[in-house]
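J.: Supplied in structure tokens, the structure appears directly below.
Please treat every number below as a calculation from the coordinates, not as lab data. Keep in mind that what you see is a predicted model, and the values were worked out from it rather than measured. No Cβ is skipped: glycine too gets one built from the backbone with ideal geometry, and neighbour counts run over all protein chains shown.
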Amino acid sequence: MFVSNFKIVIIGESMVGKTSILLRYIKGKFIKVGERTINTNCFKKTISINNMTFEINIWDTAGEEKYHAMAPIFYRGADGAVITFDFTRRETFERAQKWFEELNQFSENNPKIILVGNKHDLDNKVVTGDEARELAEKYKAIFLSVSALTGENINEIFTSLTYEIYHNKTKKNKSKNKNIKIVDENNNNNNDKKCSC
Ligand code: GDP
Ligand code: MG
């Protein structure tokens, strides 16, 4: 089996639902804060898109986003990023712009970005899809409304982003007259991107 190994980071203000999104994606269910027994900030998943197989390593924060003290290693080598805000807390959307800037500043790879509005299941939304889409377009990112609670669009976050990363790399490599680098799962020389999970 051939696999491309990508690193994806998930960022955004505290309590927007980053860990919930990740757990919903990895475990297939919504896990409340008090019921979490998983003690890792890095998750690995293998996905297939159009007969191609990708291994993605998704890095979650350990709460350091509260202080905006993200370690450089968090961003290092990131191929993609999920910038998350909470539809019911306007300040988390306003601060999304800051996350775009921080990502551009600290990641050397020019990662593909997806802007995600979470908690779409709630009625008290104070951010519209149109303004979120506008912000995403400004940074050439995709936008998705999601809910970790109901599962709405959660798989789409990671499949769309992975496909975009792949597409981007293929384009870049084509312009250099090379094919995308496909690494063998059993002979993976991309260890710098692997997390310790
Ligand atoms: P993080 O700090 O960004 O990792 O946020 P958490 O994943 O810990 O979630 C913060 C709070 O929001 C928790 O109380 C979650 O149960 C809640 N939450 C997360 N996602 C959703 C969602 O899609 N809908 C609703 N209604 N609540 C959510
Ligand atoms: Mg969290």
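J.: Sticking with the crude label model, points 7 Å out along Cα→Cβ, report the distance from residue 126 to residue 167 in nm, one decimal please.
T.: 3.4
J.: Run the quick spin-label model on residue 53 and residue 110: label points 7 Å from Cα toward the beta carbon, then report their separation in nm to one decimal.
T.: 3.1
J.: How would 60, 130 line up from fewest to most surrounding beta-carbon atoms within 10 angstrom?
T.: On the way: 60 21, 130 9.
In order of increasing Cβ crowding within 10 Å: 130, 60.
J.: Any idea what the relative contact order of the chain is, in percent, if you count C-alpha pairs under 8 Å spaced at least 6 apart?
T.: Numbers: 346 pairs, mean separation 55.5, N = 197.
Reported relative contact order: 28 percent.
J.: Please find, in a Gaussian network model of the chain (springs between Cα atoms separated by less than 10 Å), the residue of 33, 116, 82 whose mean-square fluctuation is greatest.
T.: Sorting by GNM fluctuation, first place goes to 33.
J.: Also, I was wondering about something else. Quote the charge dipole size of the stretch 2-174 about the Cα centre in Debye, to the nearest 20; the model charges only the Cβ of Lys and Arg (+1) and of Asp and Glu (-1). Provide the component values of the computation, followed by the final result.
T.: Working: 25 positive and 22 negative charges, 108 e Å.
Dipole of the stretch 2-174, to the nearest 20 debye: 520 debye.
J.: Sticking with this one: Using the eigenvalues of the Cα gyration tensor, what equivalent ellipsoid semi-axes result for the chain when each is taken as the square root of five times the eigenvalue, whole Å, largest first? Please list the in-between numbers first.
T.: Values: eigenvalues 140, 72, 53 Å².
Semi-axes from the Cα gyration tensor: 26, 19, 16 Å.
J.: Now a separate question. Pop out the ³J(HN,Hα) list for the stretch 50-56 in order, Karplus 6.51 cos²θ - 1.76 cosθ + 1.60 with θ = phi - 60°, rounded to Hz; leave Gly and Pro as x.
T.: 6, 6, 10, 10, 10, 10, 10
J.: Further, regarding this structure: How many angstrom lie between the Cα centre of the stretch 91-121 and the Cα centre of the stretch 19-60?
T.: The stretch 91-121 and the stretch 19-60 have Cα centres separated by 19 Å.
J.: If you don't mind, there's one more thing I want to ask. Under the rule of at least 5 residues apart or a separate chain, name every residue whose amide H is placed under 5 Å from the amide H of residue 12.
T.: For residue 12, the qualifying residues are 84.
J.: In the stretch 4-35, what trypsin sites (Lys or Arg not before Pro) fall in a loop by DSSP, with at most 13 other Cβ atoms inside 10 Å? Before the final figure, lay out each step's value.
T.: Working: sites: 7, 18, 24, 27, 29, 32; in loops: 29, 32.
Within the stretch 4-35, the qualifying trypsin sites (Lys or Arg not before Pro) (loop, at most 13 other Cβ atoms within 10 Å) are 29, 32.
J.: Can you list the residues, at least 5 places off or on another chain, whose amide H is less than 5 Å from the amide H of residue 89, using H built in the peptide plane?
T.: Residues meeting the criterion, in which the H sits 1.01 Å from N, are 126.
J.: With 26 Å as the limit, write out which pairs from 66/172; 66/169; 7/27 have Cα-Cα distances beyond it, or answer none. Display every interim value, and only then the final one.
T.: Details: 66/172 35 Å; 66/169 32 Å; 7/27 19 Å.
Flagged as over cut-off: 66/172; 66/169.
J.: Mean residue ellipticity at 222 nm from the helices of the chain, using -39,500 (n - 2.57) per DSSP H segment of n ≥ 4 over the full residue count, to the nearest 500 deg cm²/dmol?
T.: Values: 6 runs with 62 residues, N = 197.
The helix contribution divided over the chain gives -9500 deg cm²/dmol.
J.: Estimate the FRET efficiency between residue 137 and residue 159 by the formula 1/(1 + (r/R0)^6), using the beta-carbon distance for r and 30 Å for R0, to the nearest 0.05. All intermediate terms of the calculation are to be shown ahead of the outcome.
T.: Details: r = 21 Å, r/R0 = 0.69.
With a Förster radius of 30 Å, E is 0.90.
J.: By how many degrees, 0 to 90 and rounded to 10, does the Cα axis of helix 129-138 deviate from the longest principal axis of the chain?
T.: 40
J.: Sticking with this one: Please rank 164, 94, fewest neighbouring Cβ atoms within 10 Å first, as an exposure proxy. Don't skip to the end; give the middle numbers.
T.: Details: 164 18, 94 13.
By the 10 Å Cβ count, ascending: 94, 164.
J.: Also: Angle check, please: helix 96-106 long axis (alpha carbons) against the longest principal axis of the chain (alpha carbons), in degrees 0 to 90, nearest 10.
T.: With both axes taken from Cα atoms, the answer is about 30 degrees.
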